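Engineer: First the structure, then my questions, so here it is.
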Amino acid sequence: MADLELKLESLELGDGGLLRGRDYSREEIRRAPWEWDKVVKSSHLTNCAYQQACNFNLYVKDGIVVREEQAGNYPARNDPSVPDFNPRGCQKGACYTHRVYDPTRIKYPMKRVGERGEGKWKRISWDEALTEVADAIIDTATKEGPDAIVQAGGTRVMNAGSEGAGPTTFFMTLGAPLSNVTADNGDDHQGVAVTMGKVIIADSADNWFYSNMILIWGGNPAYTNIPNFHFVAEARYNGTKVVTIAPDYSPSAIHADLWVPVNIGSDAALALSICQVIMRENLYREDFVREQTDLPLLVVESTGKFLREKDIKAGGREDIFYFWDLKTGKLTEAPRKTL
């Protein structure tokens, strides 16, 4: 069998320099001592959302990245009893170099020359591409206003960090509407923001270690939160009970003490039934729900909706709610900072 050759094409660097890699045979790689010219720091943007930018060491030989390795140099916690973040990374990051050197990777602008879906494209220069985009934005903003320009991610990698900060800032400055970057999640982020007051309500992942119980519901962190999932496993080893609610026996269910299989689409019914039991058996902390939830708010029986200022005052606001103060015996405006 002909020996496998790893062809490393010329790489054009951002500074205009040109490094030409040599060919390495499989036998040569296996027999020769592993060598590298330098080690550089890097990270990856691979749909990691809020857990992105894991620290990696890249081993470079003849200008080619030949190996990636988790750096494992995150500082230890103040509490020595809690595991630290080292190392951070996943399979997507470890094989990122394959994407960099993939022969099918598009490295320059392409313009469609045929009908949509026909698959006919031609290469154009960066100046030509940027000029066409700029002209289209200026023409649309001038004739129809910035509201007619919509930022859409398409099928790109979604990240909330450096990859998304530039475009988002540009469109915000332009005055264009910003579409939800995670529309595939339905009303997840919007619902959490309205209910909890902010999108990200969880603490740092290492605090999972302090939990008495970890409830995995509506997710599969063993696959989607790989850099942090070790905290779940370590917490379980430390005595934490892990419960996974999922219709399938997912990888996260495999690593749980209890798997609760539910029919697809029945999650809301299960959640409401749990709430009913909690309230009926008085299993909640009354002082907490009074201060931190909407449970004390008054509801209009005829509509089933919260009593709002607009219901009792002409020109009243829609976002002001009320509760009944047992000490004063009066209708009292709910504090906005806790809602």
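The values are calculated or read from the model by the stated rules, or taken from the named source; none is laboratory data. Note that the coordinates shown come from a computational prediction; the quantities given were computed from them, not determined experimentally. When we count neighbours, we look across all protein chains shown, and the Cβ atoms used for this are built from the backbone with ideal geometry, even at glycine.
Engineer: Quick one: in the stretch 287-303, of everything that is of a type in the set (Asp, Glu) and either closer than 19 Å to Met213 by Cβ or outside any helix (DSSP H, G or I) (or both), which residue is nearest to the chain's Cα centre (by Cα)?
Structural biologist: Only one residue fits best here, namely Asp294.
Engineer: Can you tell me which residues in the stretch 304-339 are closer than 25 Å to Val192 by Cβ and part of a loop (DSSP other than H, G, I, E, B)?
Structural biologist: The answer is Gly304, Leu307, Arg317, Glu318, Asp319, Ile320, Ala334, Pro335, Leu339.
Engineer: Would you mention how many residues in the stretch 163-174 are exposed (fewer than 11 other Cβ atoms within 10 Å of the Cβ) and either at pLDDT 90 or above or β-branched (Val, Ile, Thr) (or both)?
Structural biologist: Here is the first cut: in the stretch 163-174, the ones exposed (fewer than 11 other Cβ atoms within 10 Å of the Cβ) are 166, 169, 173.
Remaining after also requiring either at pLDDT 90 or above or β-branched (Val, Ile, Thr) (or both): 169, 173.
Qualifying residue count, the stretch 163-174: 2.
Engineer: A follow-up question, please. Among the residues of the stretch 243-273, which ones are in a helix (DSSP H, G or I) and either in contact (Cβ under 8 Å) with a residue 12 or more places away in the chain or under 28 Å from the mean Cα position of the chain (by Cα) (or both)?
Structural biologist: Of the stretch 243-273, the ones in a helix (DSSP H, G or I) are 251-254, 267-273.
Correct list: Pro251, Ser252, Ala253, Ile254, Asp267, Ala268, Ala269, Leu270, Ala271, Leu272.
Engineer: Could you pull out the residue among Cys95, Cys54 that is surrounded by 16 or more Cβ atoms within 10 Å (Cβ to Cβ) and out of contact with any Asp or Glu (no Cβ under 7 Å at 6 or more places or on another chain)?
Structural biologist: Cys54
Engineer: Filter the stretch 143-162 down to the residues that are of a type outside the set (Val, Ile, Thr) and surrounded by 14 or more Cβ atoms within 10 Å (Cβ to Cβ), then identify the one that is modelled with the highest pLDDT.
Structural biologist: Among residues in the stretch 143-162 that are of a type outside the set (Val, Ile, Thr) and surrounded by 14 or more Cβ atoms within 10 Å (Cβ to Cβ), the one modelled with the highest pLDDT is Pro146.
Engineer: Let me ask another. For the list (1) free of Cβ contacts under 8 Å to residues at least 24 places away in the same chain; (2) surrounded by 12 or more Cβ atoms within 10 Å (Cβ to Cβ); (3) assigned to a helix (DSSP H, G or I), I need the number of the one condition that Tyr284 fails.
Structural biologist: The failed condition is (3).
Engineer: Go through the stretch 65-110 and give me each residue that's of a type in the set (Lys, Arg) and in contact (Cβ under 8 Å) with a residue 12 or more places away in the chain.
Structural biologist: Arg67, Arg77, Arg88, Lys92 - these are the residues of the stretch 65-110 that are of a type in the set (Lys, Arg) and in contact (Cβ under 8 Å) with a residue 12 or more places away in the chain.
Engineer: Now a separate question. From the list Tyr322, Tyr284, pick out the single residue that is among the hydroxyl-bearing types (Ser, Thr, Tyr), over 30 Å from Asp248 (Cβ atoms) and in contact with a helix residue (DSSP H, G or I) (Cβ under 6 Å, 6 or more places away or on another chain).
Structural biologist: Tyr284
Engineer: Report the residue count in the stretch 294-327 for those that are surrounded by 14 or more Cβ atoms within 10 Å (Cβ to Cβ) and either touching an Asp or Glu at 6+ places or on another chain (Cβ under 7 Å) or of a type outside the set (A, V, I, L, M) (or both).
Structural biologist: Of the residues in that region, 10 qualify.
Engineer: To continue, here is another question. Which residue, of Arg22, Arg88, is modelled with pLDDT under 90, surrounded by 15 or more Cβ atoms within 10 Å (Cβ to Cβ) and of a type in the set (D, E, K, R)?
Structural biologist: Exactly one of Arg22, Arg88 is modelled with pLDDT under 90, surrounded by 15 or more Cβ atoms within 10 Å (Cβ to Cβ) and of a type in the set (D, E, K, R), namely Arg88.
Engineer: Here are some conditions: (1) more than 25 Å from Cys54 (Cα to Cα); (2) within 19 Å of the chain's Cα centre (by Cα). Thr240 meets all but one. Which one does it not meet?
Structural biologist: Failing condition for Thr240: (2).
Engineer: Let me ask you something else. Among the residues that make up the stretch 184-195, is at least one of them over 30 Å from Pro335 (Cα atoms) and either among the acidic types (Asp, Glu) or at pLDDT 95 or above (or both)?
Structural biologist: Yes - at least one qualifying residue is present in the stretch 184-195.
Engineer: Okay, moving on. Pick from Arg105, Arg67: which is surrounded by 12 or more Cβ atoms within 10 Å (Cβ to Cβ), outside any helix (DSSP H, G or I) and of a type in the set (Lys, Arg)? Show your work before the answer.
Structural biologist: On the way: Arg105 fails: surrounded by 12 or more Cβ atoms within 10 Å (Cβ to Cβ).
Answer to the check: Arg67.
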